[in-house]
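Engineer: Sending over a structure as structure tokens; questions will come in a sec.
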Amino acid sequence: MADRSFLDWPFFDDSHRALADGLEQWCQANLSHHHDEADIDGECRTLVRKLGEAGWLRYCVPAAYGGVHDQLDVRSLALIRETLARHSGLADFAFAMQGLGSGTITLLGTEAQKQAYLPAVARGEKIAAFALTEPASGSDVASMETTAEVDGDGYRVNGAKTYISNGGIADYYVLFARTGEAPGARGISALLVDADNPGLAIADRIQVIAPHPLATLEFTDMRLSADALIGESGRGFAAAMATLDIFRTTVGAAALGFARRALDEATARVRIRRLGAGTLADNPITQSKLAEMVLDVETSALLIYRAAWLRDVKGQRNTREAALAKLHATDSAQSVIDKAVQLFGGLGVTVGVPVESLYREVRALRIYEGASEVQKVVIARQHLADSAA
């Protein structure tokens, strides 16, 4: 059992502790660390349905649309992602994408858009996706090339998106495209696209080291009505960043869940692995590695739940704190899991052993929703601005 003493920290209230307890019990009864990688689409559809039926997806939308809290509660989202990731990386993915793929609608959507999509997301009846990355632009969102030109009373969309999570199984996509109000970031808009919209095609399904539904999308003279626009025209970059500000902290929480599982697995292993007259746990080098792993887990947790608390309780924009949390938690989780694999020896790189799948699962977290290098730029720029002030 992973350490849960952090739930007593002042960042949380009793509702968060009850959430953590209830979800832990549900995960133990319903989730497995192993999935059928030959049918990852089917596995994800099943997980979305199960998460919806159990009520966990209600934390992804506001109470007015079937959710739990009046506004998205980042501490709850982070606790859920940490717990799910500790039990099943794919379950964490399924939950996270329901939140990320509906977050822009929650923040900026019209009442009609919210009513049409958010309740179904909460019930697990619509699978959501967030279409931002392009073949020639990843971290540099402002240089995207997909266009949504005004055409009569709507838009005509042309271009491509790639590495889109839930690509190929999503019921709808929140699409970011250039509408041309101004150069760069000021000429991008957010648009709602149903998966069966004519002109949208799944050009390629992408295979990665930890299987998830990923695809390249192509748009060829795709028509959208004017009411597909989310928020203001030309404000899509700000919409994307506002959405990521909420969910970036939770990426760190998922990494923390992976790290906690790796620490638990390694601790159990070294207690029984014989070394001379004792066990691997008696060895000072092993103890040094465990101490470093514990330190990384604890500091990640502090950064993650501070960032979430600032957003939820203080009502502050937490771009800097979320960047710190994501950067440290994802980078340190990679280190924790690598140490766990080393402590397992040959068994650690054997397919089917939890630390082997964790080793594959954690790598993408240092790239998506802002690579580690981007987080360093965000942190440094904010530090310099604060110093100048």
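Engineer: What are the residue pairs meeting all of these: first residue in region 255-273, first residue under 12 Å from VAL355 (Cβ atoms), second residue not in a helix (DSSP H, G or I), Cβ atoms under 6 Å, and 6 or more apart or on different chains?
Structural biologist: Here the result reads ASP264/ALA2, each pair linking region 255-273 to a residue that is not in a helix (DSSP H, G or I).
Engineer: While we're here: Confirm whether GLU356 is surrounded by 20 or more Cβ atoms within 10 Å (Cβ to Cβ), out of contact with any Pro (no Cβ under 7 Å at 6 or more places or on another chain) and not aromatic (Phe, Trp, Tyr).
Structural biologist: Details: surrounded by 20 or more Cβ atoms within 10 Å (Cβ to Cβ): no; out of contact with any Pro (no Cβ under 7 Å at 6 or more places or on another chain): yes; not aromatic (Phe, Trp, Tyr): yes.
Answer is no for this residue.
Engineer: Kindly provide the set of residues from region 104-153 that are within 30 Å of GLY67 (Cβ to Cβ), over 18 Å from the mean Cα position of the chain (by Cα) and in a strand (DSSP E or B), ordered by number.
Structural biologist: Across region 104-153, the qualifying residue is only ALA148.
Engineer: Filter region 314-335 down to the residues that are touching a residue at least 12 places away in the same chain (Cβ under 8 Å) and either in contact with a Leu (Cβ under 6 Å, 6 or more places away or on another chain) or assigned to a loop (DSSP other than H, G, I, E, B) (or both) and list them by number. Show your work before the answer.
Structural biologist: The initial filter retains those residues of region 314-335 that are touching a residue at least 12 places away in the same chain (Cβ under 8 Å), namely 317-335.
Answer for region 314-335, where residues must be touching a residue at least 12 places away in the same chain (Cβ under 8 Å) and either in contact with a Leu (Cβ under 6 Å, 6 or more places away or on another chain) or assigned to a loop (DSSP other than H, G, I, E, B) (or both): ARG317, ASN318, GLU321, LEU324, ALA325, HIS328, ALA329, THR330.
Engineer: Taking region 281-320 as the search range and keeping residues that are of a type in the set (D, E, K, R) and touching a Lys or Arg at 6+ places or on another chain (Cβ under 6 Å), which one is farthest from ALA2 (Cα to Cα)? Full working, then the answer.
Structural biologist: The initial filter retains those residues of region 281-320 that are of a type in the set (D, E, K, R), namely 282, 289, 292, 296, 298, 306, 311-312, 314, 317, 320.
Still in the running and touching a Lys or Arg at 6+ places or on another chain (Cβ under 6 Å): 289, 312.
Details: LYS289: 18, ASP312: 25 Å.
Among those residues, the one meeting the criterion is ASP312.
Engineer: Search region 25-44 for residues being surrounded by 17 or more Cβ atoms within 10 Å (Cβ to Cβ) and not hydrophobic (A, V, I, L, M, F, W, C), and hand back the single one that is farthest from ARG261 (Cα to Cα). Explain how you work it out, then say what you get.
Structural biologist: The first filter runs over region 25-44 and keeps only residues surrounded by 17 or more Cβ atoms within 10 Å (Cβ to Cβ), leaving 26-27, 31, 33, 35, 40, 43-44.
Adding the requirement that they be not hydrophobic (A, V, I, L, M, F, W, C) leaves 33, 35, 43.
On the way: HIS33: 10, HIS35: 17, GLU43: 21 Å.
Only one residue fits best here, namely GLU43.
Engineer: On to the next question. Given the structure, is LEU72 in contact (Cβ under 8 Å) with a residue 12 or more places away in the chain, more than 10 Å from the chain's Cα centre (by Cα) and either buried (at least 24 other Cβ atoms within 10 Å of the Cβ) or more than 24 Å from PHE6 (Cα to Cα) (or both)? Spell out how you get there, then give the answer.
Structural biologist: Working: in contact (Cβ under 8 Å) with a residue 12 or more places away in the chain: yes; more than 10 Å from the chain's Cα centre (by Cα): yes; either buried (at least 24 other Cβ atoms within 10 Å of the Cβ) or more than 24 Å from PHE6 (Cα to Cα) (or both): no.
No, not satisfied.
Engineer: Within region 347-389, take every residue that is among the aliphatic types (A, V, I, L, M) and under 18 Å from the mean Cα position of the chain (by Cα) and give me the one that is farthest from PHE258 (Cα to Cα). Spell out how you get there, then give the answer.
Structural biologist: As a first pass, look at region 347-389 and keep what is among the aliphatic types (A, V, I, L, M): 347, 349, 351, 353, 355, 358, 362, 364-365, 367, 371, 374, 377-380, 384-385, 388-389.
Imposing the further condition that a residue be under 18 Å from the mean Cα position of the chain (by Cα) reduces the set to 358, 362, 364-365, 367, 371, 374.
Details: LEU358: 6, VAL362: 7, ALA364: 12, LEU365: 11, ILE367: 16, ALA371: 18, VAL374: 22 Å.
The qualifying residue farthest from PHE258 (Cα to Cα) is VAL374.
Engineer: Determine, yes or no, whether GLY348 is without any contact (Cβ under 8 Å) to a residue 12 or more places away in the chain and either in a helix (DSSP H, G or I) or of a type outside the set (Lys, Arg) (or both).
Structural biologist: Details: without any contact (Cβ under 8 Å) to a residue 12 or more places away in the chain: yes; either in a helix (DSSP H, G or I) or of a type outside the set (Lys, Arg) (or both): yes.
Yes, satisfied.
Engineer: Are any residues in region 25-53 more than 19 Å from the chain's Cα centre (by Cα), of a type outside the set (S, T, N, Q) and over 21 Å from ALA210 (Cα atoms), and if so, which ones?
Structural biologist: Within region 25-53, TRP26, ALA29, GLU53 meet the criteria.
Only the coordinates and a few stated rules stand behind these numbers; no lab work does. This one's a predicted model, so the numbers in the text were calculated from it and none came from an experiment. Ideal geometry is used to build each Cβ from the backbone, glycine not excepted, and the neighbour counts take in all protein chains shown.
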